[in-house]
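The structure appears below as structure tokens.
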Ligand SMILES: Nc1ncnc2c1ncn2[C@@H]1O[C@H](COP(=O)(O)OP(=O)(O)OP(=O)(O)O)[C@@H](O)[C@H]1O
Ligand SMILES: [Mg+2]
């Protein structure tokens, strides 16, 4: 535990690049007063509106709140949402040097309408173009990564399958990672299972692991088989399968699986626990921590995410306090 505390203190000295699908979460909160006379739907009187960073932008936010230095790299539209994402990223203290504006796409926004008093989500509106960014923008992104990656201790690929992460980009990253000490942590999505190579650590959740390994995970043996298969498939130094309230399991080449149970929490909703996992793991590995230490810290930090509604950036102080309490 003492070592974990020292490791968290080193987070402030690390500099990470986060590449992925930047998103904006909008929350509109209000009260349901009656059923609409126009259609059988509730009428919500709006009491407050707020935004928070989502997707890869939530990973950036988590790295910052845990004390690390970080640069965001991704694509936003030439729209109000894009300006909002960039402003919010800068407000966290992150650099937005790698963010490209592309007029051909809409900034990805998830708008949730939530009614009090029970925080019930009434509807979610997704705004995204569904079009990939232009070839020129995608190239600009790859060029940025190629020239900038050497200046960072590590890279996080936060893939939400929305098109920023693509085969050629992953090739650029893999080539760099195998030739340097830069660590590479990937949060994978189906669209790119075929293209991930040589990650230092990759963190599928249980259903992604099942899907990518083509093995139904329903007991300890199938979990082991899937983990081992994914280490080979992605030529990964480590695969960390996150298992919700069951914690996580770490797989490494030629080593026995290690399970990291967690204190299960009864939570209303967990969004972004996976974002916290990659942020903590990358900070821990880039600070010289072991895979085991990374998993222990990630479990503690991700456990906090369910404490609040919506995406959450876990503060470094909260993580330190929780470790100190366990000593
Ligand atoms: N109910 C829970 N109680 C305690 N810890 C949890 C719970 N749910 C998630 N966690 C923590 O969060 C980690 C990641 O959760 P999960 O496996 O659900 O990832 P995920 O599906 O990628 O999440 P998301 O997509 O919502 O970000 C778990 O390994 C665990 O540490
Ligand atoms: Mg996830």
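The values are calculated or read from the model by the stated rules, or taken from the named source; none is laboratory data. Computed from a predicted structure; not experimentally measured. When we count neighbours, we look across all protein chains shown, and the Cβ atoms used for this are built from the backbone with ideal geometry, even at glycine.
Looking at segment 297-322 only, could you name the residues that are crowded, with 20+ Cβ neighbours inside 10 Å and either over 17 Å from the mean Cα position of the chain (by Cα) or without any contact (Cβ under 8 Å) to a residue 12 or more places away in the chain (or both)?
The answer is 319, and nothing else.
Before we move on, is residue 265 on the phi > 0 side of the Ramachandran plot and more than 16 Å from ligand 2 (Cβ to nearest atom)?
no
Out of segment 124-153, which residues are in a strand (DSSP E or B) and at positive phi?
None; the set is empty.
How about segment 169-211: which of its residues are surrounded by fewer than 23 Cβ atoms within 10 Å (Cβ to Cβ) and within 16 Å of ligand 2 (Cβ to nearest atom)?
Listed by number, the residues that qualify are 189, 190, 191, 192, 193, 205, 206, 207, 208, 210, 211.
Six or more apart or on different chains, Cβ under 6 Å: which pairs go from a residue in segment 195-220 that's closer than 19 Å to residue 164 by Cα and in contact (Cβ under 8 Å) with a residue 60 or more places away in the chain to one that's assigned to a helix (DSSP H, G or I) and within 16 Å of ligand 1 (Cβ to nearest atom)? Could you list them?
Final answer for the pair search is 203/277; 203/278.
Does residue 118 fit the bill of being more than 16 Å from ligand 2 (Cβ to nearest atom), out of contact with any strand residue (DSSP E or B) (no Cβ under 9 Å at 6 or more places or on another chain), farther than 27 Å from residue 64 by Cα and modelled with pLDDT of 95 or more?
No, not satisfied.
Can you report the number of residues in segment 274-296 which are touching a residue at least 24 places away in the same chain (Cβ under 8 Å) and not in a helix (DSSP H, G or I)?
The qualifying residues number 3.
For segment 1-19, check the following and say yes or no: at least one residue is in contact with a helix residue (DSSP H, G or I) (Cβ under 8 Å, 6 or more places away or on another chain), modelled with pLDDT under 95 and either crowded, with 17+ Cβ neighbours inside 10 Å or part of a loop (DSSP other than H, G, I, E, B) (or both).
Yes, because at least one residue in segment 1-19 is in contact with a helix residue (DSSP H, G or I) (Cβ under 8 Å, 6 or more places away or on another chain), modelled with pLDDT under 95 and either crowded, with 17+ Cβ neighbours inside 10 Å or part of a loop (DSSP other than H, G, I, E, B) (or both).
From the list 311, 271, pick out the single residue that is in contact with a strand residue (DSSP E or B) (Cβ under 6 Å, 6 or more places away or on another chain), closer than 23 Å to residue 56 by Cα and in a loop (DSSP other than H, G, I, E, B).
Going through 311, 271 in turn, the sole match is 311.
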